[in-house]
Amino acid sequence: MRFLYSIGLFALFLGAVLWPTVSQATHVRAGEITTRRISQTTLTYEITFTAYYDETPAGAGAAAQGERYTICFGDGTFQEVQRLPRVFINNRTSSINTYRVVHTYPAANPYTISVTVPNRNRDTKNLPPASQSDQIRFFVSSTILITPNLGLNSTPIMLNPPLDSARVGQRFCHNPAAFDADGDSLAYRLSVPQEGLQDAGCRGRFIPAYQDPTRFSRTSETGGTPTFQIDSRTGELCWDAPGEEGQFNFAFIVEEWRNGVLIGETTRDMQIIVVDNPNRRPRINPLPDLCVEAGTLINQPVTATDPDGQRVIITAFGGVFNVGQDGRPLAPGELIAPQYAQLIPANTALAQPATVNFRWQTNCNQIREAPYDVTFKVNDVPPRGTNSLVSFQTLRIQVVGPSVKNLTARPTATATGRAIQLSWDPYTCGPPGTQLIIYRKEGCENIQIPPCSTGLAASTGYREIIRVPITATSYVDTSALRRGVSYSYRLVAEYPDRNGEFINGGQSIASNQACLELPLLAPVMTQVTVDSTRDTNGQITVRWSRPIGLNPGDLPGPYQYRLQRATGLDAQDFATIATINTSLLPNPDTVFVDRGTPSAPLNTQANPYRYRVEFFYTSTTGQLTRLDVTEAASSVRLTTRPANRQVSLSWQANTPWANTNQTHLIFRSRSG
């Protein structure tokens, strides 16, 4: 089915119906310079000057002589370059001419590459005086920025040849179908045609006499003010509308942006011929923007109509076909990785309303941050002797990575303390080097992610905690986890771009949210009760809970509690007063009655006491290792102050639990 990729070739060979025959002498109709970085280690570029020549009898002689032209590299050097075999199109009334050379730059810098071709053609109305426009040299340039901070780069390629004609009084549009294989962002702006200052020279200037095409307009197609403008997003350039017959030149620039930095500008200088006949242009129905997960099979119908009831030919241009300007397949993977898109039926004149099917089986190697633009063009097929007219529509397709599936979170523990174990299904959608980004936020609020939204915006509250290889299916999070706090997790895949860098590769849709409240992996103090208030034989009962969130299999045993005591409500000088072995089973091993020792009795009348519990597990070397320690809790310190026929009571405690708004029971003894 390889022939289906050559979707534009048949239309270009339809000859006279697509390009009017004009009596003026012609040579260069249009041209642009593109570059492609071909080395990972040196600043070596393949530089291509693509020129569109007139091959009618009036211009064929000059076109045949254009075998060699000098390309200036912008670093002070230049080289004469031989033309590759030219490709004749439009029933041999035009040709695509390619001049290609390899050049290595000495250092990272901006460079402006240029070429001068003598001469432009005669009678170009907006390059007055028109009778002398053939004395103006054709000059075109492109600028590239070579910088190590932004990685490898190739300029966009314009896949739609600039060979359409216009009609007086009707809106004319041209779309270059620019495609950037690196996935850089493209923007478009109008420019002014340039002239070379000397044959084979490297310097040019804007043509001083250039006139905006609207100077040759009467009204727009609908009767309003005429306009000449370009859509900065899609690149569709429209003149609404030509007001007189003749040939006209204009230029526009394709800007290339990466990470907010302008890294290249490619100029297309082109010419159109305006004729006057009763034919009306066909139309393509509007197309929606598409967003699909990689692996989706796209079947998008494209319908066109013609107000004169004539047959139409629908063609398409874009990197998704991996086809060059001449309709011939490019080297596999030159623009995108296979599989390539198809237009079915291709290269066929259809009765209108005509519908073709755009078919593209996407895959994980085609994920990138930038969308894919597919430019659809419709030509009508009028009677012989009448020029064909065109219209365009752009289909924008965003191919995103699928989300990581079945993310779960469970509590666990490690030698460093409390932890959360994350697990997910194996992720296989992505080229080598794909990373999985693990995000975390506090709280379990389930943020609604808009459809086809990739990555996680900072506004969602998620923060990146780590990146793991695409081969990973689990991760243990131990970073700054706090007891009693809920944590939410999501995963996002990030893809390297075609240059192996994380610049234009894009990110996947976020995974499902996994959330849990970190359970208790250490004991918790629950009670400190003064049983006996005495100066020498005081007694305090201390209780704590076992680590609820820790299972016996999470860490090796045996396990141990170490109860510690300090004197004073805020004391920190803890000393171990009891060691209790435990199996973590529901045993009555989480209570201790503290009576002091004969040498150090408890004075509960004069002092409050503060307690905490350390928890130990057995390491792989057989050593008892502390996992965590409880928050400290003090005994209640009661004081009295006698007054007239009353006693004022006050008490203090320093505990990890809140005693405010709680009912307090007060007991009084008559016997003391």
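The values are calculated or read from the model by the stated rules, or taken from the named source; none is laboratory data. Predicted model only: the values in this text are computed from it and were never measured. When we count neighbours, we look across all protein chains shown, and the Cβ atoms used for this are built from the backbone with ideal geometry, even at glycine.
Scanning the stretch 186-195 for any residue that is crowded, with 21+ Cβ neighbours inside 10 Å, at positive phi and at pLDDT 95 or above turns up nothing.
Given the structure, is Thr305 among the hydroxyl-bearing types (Ser, Thr, Tyr) and in contact with a helix residue (DSSP H, G or I) (Cβ under 6 Å, 6 or more places away or on another chain)? Taking the combined requirement at face value, the residue does not satisfy it. If you check Ala108, Ala58, Ala63, Ala51 for being closer than 17 Å to Phe250 by Cα and either touching a residue at least 24 places away in the same chain (Cβ under 8 Å) or surrounded by fewer than 17 Cβ atoms within 10 Å (Cβ to Cβ) (or both), only one passes: Ala51. Listed by first and then second residue, the pairs linking a residue in the stretch 615-644 that is under 19 Å from Leu481 (Cα atoms) to a residue that is acidic (Asp, Glu), with Cβ atoms under 7 Å apart and 6 or more places separating them unless they lie on different chains, are Phe615/Asp628; Arg626/Glu614; Val629/Glu614.
Leu127 passes all but one of (1) under 25 Å from Glu236 (Cβ atoms); (2) surrounded by fewer than 23 Cβ atoms within 10 Å (Cβ to Cβ); (3) in contact with a helix residue (DSSP H, G or I) (Cβ under 7 Å, 6 or more places away or on another chain); which number fails? Of the numbered conditions (1) under 25 Å from Glu236 (Cβ atoms); (2) surrounded by fewer than 23 Cβ atoms within 10 Å (Cβ to Cβ); (3) in contact with a helix residue (DSSP H, G or I) (Cβ under 7 Å, 6 or more places away or on another chain), the odd one out for Leu127 is (2).
Among residues of the stretch 244-271 that are farther than 22 Å from Tyr52 by Cα, those with a beta-carbon under 8 Å from a residue that is assigned to a strand (DSSP E or B) and small (Gly, Ala, Ser) at least six positions away or on a different chain give the pairs Glu256/Ser185; Glu256/Gly264; Trp257/Ser185; Trp257/Ala187; Arg258/Ser185; Gly264/Ser142. Taking the stretch 354-388 as the range and being farther than 30 Å from Arg167 by Cβ and among the β-branched types (Val, Ile, Thr) as the test, the residues that pass are Thr362, Ile367.
Selection over the stretch 509-565 of residues that are of a type outside the set (A, V, I, L, M) and in a loop (DSSP other than H, G, I, E, B) gives a count of 21.
Leu237 falls short on exactly one of the conditions (1) at pLDDT 95 or above; (2) surrounded by fewer than 17 Cβ atoms within 10 Å (Cβ to Cβ), and that condition is (2).
Scan the stretch 221-241 and tell me whether some residue there is touching a Cys at 6+ places or on another chain (Cβ under 6 Å), touching a residue at least 24 places away in the same chain (Cβ under 8 Å) and within 28 Å of Pro129 (Cβ to Cβ). Within the stretch 221-241, one or more residues are touching a Cys at 6+ places or on another chain (Cβ under 6 Å), touching a residue at least 24 places away in the same chain (Cβ under 8 Å) and within 28 Å of Pro129 (Cβ to Cβ). For the stretch 381-404, the count of residues that are of a type in the set (Gly, Ala, Ser), more than 30 Å from Leu627 (Cβ to Cβ), in contact with an Asp or Glu (Cβ under 6 Å, 6 or more places away or on another chain) and crowded, with 18+ Cβ neighbours inside 10 Å is nonzero. Select from the stretch 442-464 the residues that are surrounded by 15 or more Cβ atoms within 10 Å (Cβ to Cβ) and over 19 Å from the mean Cα position of the chain (by Cα) and list them in ascending order. Ile447, Gly461, listed by residue number.
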